Each structure stands twice: as structure tokens, then as C-alpha cells.
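A.B. asks: Below you'll find the structure I mean.
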Amino acid sequence: MLLGQHFLLNTKVADKIVESLELKNTDIVLEIGPGKGILTERIINKVKTLIAVEIDKNLCEFLKNKFNNIKNIKIINADFLKYDLSKFKSKIKIVGNIPYAITSEILDKIFSTAFSCWEVCVLMVQKEVAEKLVAKPKEKMFSKLTLKTNFYTKTELLFDVSKRCFVPQPKVNSAVVKFLPNNEFANFKYQKLLFRILDIAFTYKRKFLINSLNLGLNLNKEEIKKILVNSGIKPDERAEDVDIYGYIKLAEKLSVFIN
């Protein structure tokens, strides 16, 4: 068992996860870290092709034996983080009970391919991470991760999952989150600047935005104040007070001043 993987045993939870994918017989599904196949066995009869990407060689052998007579499954011994999602001719669906130790890296890959490679993604993540993904401005869990999630995806926390549903039992509870690509921002021109602004804002998150941007950008406070107001942001708001639309407007306004 690699990367602190915990195997889901609860069949009702597995059923709900698969149901949330809204599978069709024309779908191509990629499963991240299938483990012992509790989701796999519920998907294979509903789709055109299931690609199970498992990093653990022993688990791959287990899965190959378990699904030996199934034609529409491909079991691949590989690291999902290195697996090329652009090879598919049509958009795929992604599902996984992902290792919590590499949640951040997996989310980065999911987000970076949201506009090009997949149409639905359902992941089991740590409950605290799920709360950050769907948090609202001014809430305790609202963070840079929330805003990055909002830029790339439309996200819904579907349901919580008790730690007692896994073997070995993890220390924390989990939650299942559903992502859809947020095509509203697919052609946004200032993505690099947007994420630079988010880095600055949350590096100095206890400061007002007028002060954090003054520290992080080579612009005077009066200029920043005008830009904030023109973006619909109050100068005395902090990083966690502004939603993705506010930051989008801010990036557009700042693009005139910053290369």
C-alpha cells in the first residue's frame, strides 16, 4: 500500500459515488487509484471503457486477476500525476478515492486539464479539504485553494463519509466532491496575473488588500485604491472577503499596469 492509501469498504458509499458520475454506455472513465476495485466493479458494466490507473504493482496484479474476463477495462500501472490526459479524443470522466498525501498535486492536475480533457470529476477527499473547496467569501475555510477551484471548476460537496468506512481507518473523515469545468473562464487572458494576485493577497491575508497589493506590486496606494474601487472591491477588504469574480475584475484592471 503506497502513499497512505485507505481502501473504501462501504458499498452504499461506493454506489453513491458511481451514481454521481451519471454514466452512459458511451463514456470513457478514468479511475485514479482503484485499489481493490470497489468502484471499478460498479463502473465497468455501465461504460464504453474504464481506465484504472494504479501506482501499486501488487494492486495492479490483484485487479488484473479480479477483472480477467472483462473486455472494456484497461488496468495501467502508472502514476496518475504523470499520466497524459490529453491523449483522449473526447472528454472523459474522472473518479477516485485519492491518497490524501498527494491531494494538492492531484487537484493541480485536475484543474490544469479542466478546460480541455474532462467533463465530470468526482473525488473522495479529506473533509477539511472539501470544506475549503466549496467555502464562501468571509468563511473560515475560504482560501486561495477555494478561489483556484472556483476559477477552474463548478464544485459541489455531495456527501460526507465517515472514517469508519475505510480500511485501514484514517484519522479523519472524508467527503465526496463533484467538479464540472467552469468554462466561463476558459479563455481568460490574465490567468498568470490572477494567480500572482492571489499569491500576494493570501501571503499578507491579515492585511487590507490595499496594503498587501502595495507590498507585492510596484504601485502606489492611491493607484491601487482606484483599481480596487473600479473592480468593485472595498480598499479595506481582506483576501478572504473577495470572490473569484472580484479577483477576475482586479486582474483585468491591473493588467494595464503590470506586464
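A.B. asks: Which residues, counting only those in the range 235-259, are loosely packed, with under 13 Cβ neighbours inside 10 Å and of a type in the set (D, E, K, R)? Please lay out each step first, then the result.
C.D. replies: Of the residues in the range 235-259, the ones loosely packed, with under 13 Cβ neighbours inside 10 Å are 236, 256-257, 259.
Selection gives D236 alone.
A.B. asks: Hey, any hits in the range 194-217 for a residue that's surrounded by fewer than 20 Cβ atoms within 10 Å (Cβ to Cβ), among the hydroxyl-bearing types (S, T, Y) and closer than 17 Å to S143 by Cα?
C.D. replies: yes
A.B. asks: Would you confirm, using the coordinates I've provided, whether L50 is crowded, with 22+ Cβ neighbours inside 10 Å and either over 20 Å from L158 (Cα atoms) or acidic (D, E) (or both)? Quick ask: steps written out before the conclusion?
C.D. replies: On the way: crowded, with 22+ Cβ neighbours inside 10 Å: yes; either over 20 Å from L158 (Cα atoms) or acidic (D, E) (or both): yes.
Yes, satisfied.
A.B. asks: Please go through (1) within 18 Å of D243 (Cβ to Cβ); (2) in contact (Cβ under 8 Å) with a residue 24 or more places away in the chain for K140 and return the number of the only condition it doesn't satisfy.
C.D. replies: Single failed check for K140: (2).
A.B. asks: Of V242, V177, V161, which residue is more than 18 Å from T113 (Cα to Cα) and in the same structural domain as Y100 (by TED's automatic domain parsing)?
C.D. replies: On the way: V242 fails: in the same structural domain as Y100 (by TED's automatic domain parsing); V177 fails: more than 18 Å from T113 (Cα to Cα).
Going through V242, V177, V161 in turn, the sole match is V161.
A.B. asks: Filter the range 167-190 for residues that are part of a helix (DSSP H, G or I) and touching a residue at least 40 places away in the same chain (Cβ under 8 Å); which is nearest to V13 (Cα to Cα)? Spell out the reasoning first.
C.D. replies: Of the range 167-190, the ones part of a helix (DSSP H, G or I) are 183-185.
Those still in the list that are touching a residue at least 40 places away in the same chain (Cβ under 8 Å) too: 183, 185.
Details: N183: 29, F185: 33 Å.
Checked the range 167-190; the qualifying residue nearest to V13 (Cα to Cα) is N183.
A.B. asks: Residues of the range 202-212 being among the hydrophobic types (A, V, I, L, M, F, W, C) and either within 12 Å of S255 (Cβ to Cβ) or without any contact (Cβ under 8 Å) to a residue 40 or more places away in the chain (or both), which ones? Before the answer, list the steps.
C.D. replies: Of all residues in the range 202-212, those among the hydrophobic types (A, V, I, L, M, F, W, C) come to 202, 208-210.
F208, L209, I210 - these are the residues of the range 202-212 that are among the hydrophobic types (A, V, I, L, M, F, W, C) and either within 12 Å of S255 (Cβ to Cβ) or without any contact (Cβ under 8 Å) to a residue 40 or more places away in the chain (or both).
A.B. asks: Shifting gears a bit: Being more than 22 Å from V95 (Cα to Cα) and in a helix (DSSP H, G or I) is the filter here, so list the residues in the range 122-146 that pass it.
C.D. replies: Selection gives K144 alone.
A.B. asks: Among the residues that make up the range 229-236, is at least one of them within 30 Å of F115 (Cα to Cα), among the acidic types (D, E) and either part of a helix (DSSP H, G or I) or in contact (Cβ under 8 Å) with a residue 24 or more places away in the chain (or both)? First the steps, then the outcome.
C.D. replies: Step one: list which residues in the range 229-236 are within 30 Å of F115 (Cα to Cα), which gives 230-233.
Restricting the remaining residues to those that are among the acidic types (D, E) gives none.
Looking for residues that are within 30 Å of F115 (Cα to Cα), among the acidic types (D, E) and either part of a helix (DSSP H, G or I) or in contact (Cβ under 8 Å) with a residue 24 or more places away in the chain (or both), one finds none in the range 229-236, hence no.
Residue by residue, here is whether (1) over 23 Å from the mean Cα position of the chain (by Cα); (2) of a type in the set (G, A, S) holds:
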site: E22; (1), (2): no, no
site: G35; (1), (2): no, yes
site: T40; (1), (2): no, no
site: D56; (1), (2): no, no
site: L59; (1), (2): yes, no
site: L63; (1), (2): yes, no
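A.B. asks: Then there is this: Failed condition for S86, given (1) of a type in the set (S, T, N, Q); (2) modelled with pLDDT of 95 or more; (3) surrounded by fewer than 13 Cβ atoms within 10 Å (Cβ to Cβ), with all others met?
C.D. replies: If we test S86 against (1) of a type in the set (S, T, N, Q); (2) modelled with pLDDT of 95 or more; (3) surrounded by fewer than 13 Cβ atoms within 10 Å (Cβ to Cβ), just (2) comes out false.
A.B. asks: Read through the list (1) in contact with a Ser or Thr (Cβ under 7 Å, 6 or more places away or on another chain); (2) not in a helix (DSSP H, G or I), then give the number of the only condition that T149 fails.
C.D. replies: (2)
A.B. asks: Right, another one. So which of K89, K82, K46 ends up being within 28 Å of S116 (Cβ to Cβ) and in contact (Cβ under 8 Å) with a residue 24 or more places away in the chain? Lay out the reasoning, then the answer.
C.D. replies: Working: K89 fails: in contact (Cβ under 8 Å) with a residue 24 or more places away in the chain; K82 fails: in contact (Cβ under 8 Å) with a residue 24 or more places away in the chain.
One residue alone meets the criteria, K46.
The values are calculated or read from the model by the stated rules, or taken from the named source; none is laboratory data. Quantities reported herein were computed from a predicted structural model and do not represent experimental measurements. Neighbour counts are summed over all protein chains in view; Cβ atoms, including those assigned to glycine, are modelled from backbone coordinates with ideal geometry.
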